[in-house]
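All remarks here apply to the structure that follows.
Laboratory data are not the source of any read-out in this text; all were calculated from the coordinates shown. What you see is a predicted model; the values in this text were computed from it and never measured. Note that each Cβ is placed from the backbone with ideal geometry, even for glycine, and that neighbours are counted across all protein chains shown.
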Amino acid sequence: MSTPKSKIEAELLKRILVLDGAMGTMLQQYNFSEEDFRGERFKDYPSPLQGNNDLLSLTQPKAIAEVHAKYFEAGADIVETNTFSGTTIAMADYDMEDLVYELNFESAKIAKEVADKFTKANPEQPRFVAGSIGPTNKTASLSPDVNRPEYRAITFNELRIAYKLQVEALIDGGVDVLLVETIFDTLNAKAALFAIEEVKEERNITIPIMVSGTITDASGRTLSGQTVEAFLTSISHIPLLSVGFNCALGAQQLKPYLQRLSNETELYTSAHPNAGLPNAFGEYDESPKQMQQYIEDYLKDGLINIIGGCCGTSPEHINAIAEVSANYKPRLN
C-alpha cells in the first residue's frame, strides 16, 4: 500500500476508527427552549429559531463542546461538526443565510479544541474532526411536485455555490477531514464534491474526503434510485478517503449493502447506522448491547474501517461499538 497521505489515513492503516453518534439525540436531553436557542445575540430575531441545532454552536457552545467530549470519552476517534444543516439552502428556513460561514467556522473550532485536548492527553490515540456536510433539504435529481416531473427546486450550480461556502468555513475552522453524508441524491453529493475540489485547487491544499450515502429502504437503493454499485461508480472520479452508508437503516438491515460495497471498492469503508428502525413514535429502541452484536457481524466479516452511529445513538452506543472494534483488525482494501 502507498504511503498514507494524511494523519487520519496513517491511523486507518493500524486500526478501525470509531466515529461519534447522533448530535440531535444528545441535544434533546438539554430541553433547550426558544430563548435558549436565541441566546442574548438573537433574542429579538424575527423568525422562530427553536430546532435550529446548528445555531447552538453560537448560542450554546458549551453544550456542543460537552457533546463532543462525551463521545471522545466513550471511545470515538472522530467527531462530526455540528453543521449538518450548515448551508445557505437549509438555513433559509430560519432566514439565517448570512450566518452560514460563522456557523461552520465556529462549529469546526469548537470540535477541534475538544479533539486537541483529548489528543494531548493521549497522543497514542489521536482524535480527529470531520466537517459534516449534510444533503440540504432540496434535491437536484427529482421534482418535489408530482404534477410537474420536469421541475427542479434547486440547480447543480446553486448547490455548488452553497457547499463551497460551507467547505471554506469548515477548513478555516480546522477540520481534519470533510464528510459528505446522508446522501439521498447523488447529484447533490456531486455538487458538494465539485465544490470541495474547487476549494482544494484554489487554495492548493489537500484534505481527506469521506462520502456516506443513504439506502432509504429494503429496495437497496438511494432515494434518487441508485443501487450500491451505481452510487459507487457515480462518485469514483474524485479521490476519496472512504465511502460508506449511514442513516435510514439499523446496523442489521444495512449489512447486505455494506457487504456489496466492501466487495466493490478499494477505498476505506465506513458505516454509521441508526439504533435500529424507528418505532411508532419515531424513536429508536436498539440498545447499545444489541447494536454492538450487529456491528460485531461487520467486524467478523472484515467489512469496515470506520464505524459509528447515526439517529438514536448515544455515547453508550459508541462505547459499546468502540469496545468490540478494538478486538478486530481493519478491513483490508
Task: Taking the chain and dividing mean pair separation by its residue count, relative contact order in percent (alpha carbons under 8 Å, at least six apart) - done: 19 percent
TODO: Provide the gained length on full extension for the span ASN147 to LYS43, in nm with one decimal, where the gain is 0.36 nm per separating residue minus the Cα-Cα distance.
DONE: 33.3 nm
Task: Residue-count net charge about ASN246 - beta-carbon cut-off 11 Å; Lys, Arg +1, Asp, Glu -1 - done: -2
- [ ] Mean Kyte-Doolittle of at least -0.5 plus a Cα span of 27 Å or more along the axis: flag which DSSP H helices in the chain meet both, please.
- [x] 100-121
Open item on the list: Can you give me the distance in nm between label points at ASN263 and GLN125, each placed 7 Å from the Cα along the Cα-to-Cβ direction?
Closed with: 3.5 nm
TODO: Would you mind classifying the range 279-333 by shape? Square roots of the alpha carbon gyration tensor eigenvalues, ordered a ≥ b ≥ c; an a/c under 1.5 is rounded, otherwise it is prolate if a/b is larger than b/c and oblate if not.
DONE: prolate
Open item on the list: Give me the net charge for the shell around ASN279: Cβ to Cβ below 12 angstrom, other residues only, Lys and Arg +1, Asp and Glu -1.
Closed with: -3
Task: Kirkwood-based shape ratio for the chain, expressed as Rg/Rh from alpha carbons - done: 0.94
Task: Debye-sum result for the range 139-290 in log10 I(q)/I(0), which assumes one identical scatterer on each alpha carbon, at q = 0.21 Å⁻¹ - done: -1.31
TODO: Pop a pseudo-label 7 angstrom from the Cα along the beta-carbon direction at both ASP285 and ASP297 and give the gap in nm to one decimal.
DONE: 1.8 nm
Task: Fraction of antiparallel bridges per DSSP, the range 7-325 only, in percent to nearest 5 - done: 5 percent
Open item on the list: List the residues, sorted by chain then number, that are 5 or more residues from LEU249 or on another chain and whose placed amide H is less than 5 Å from its amide H.
Closed with: ASN274
Open item on the list: Ranking request for peptides 15-27, 74-86, 224-236: highest mean number of other beta-carbon atoms within 10 Å first, then the rest in descending order.
Closed with: 74-86, 15-27, 224-236
Open item on the list: I need to check one value: relative contact order of the range 1-126, counting alpha carbon pairs closer than 8 Å and at least 6 residues apart, in percent.
Closed with: 25 percent
Task: Distant-in-sequence amide H partners of SER224 (H built 1.01 Å from N, under 5 Å) - done: THR186
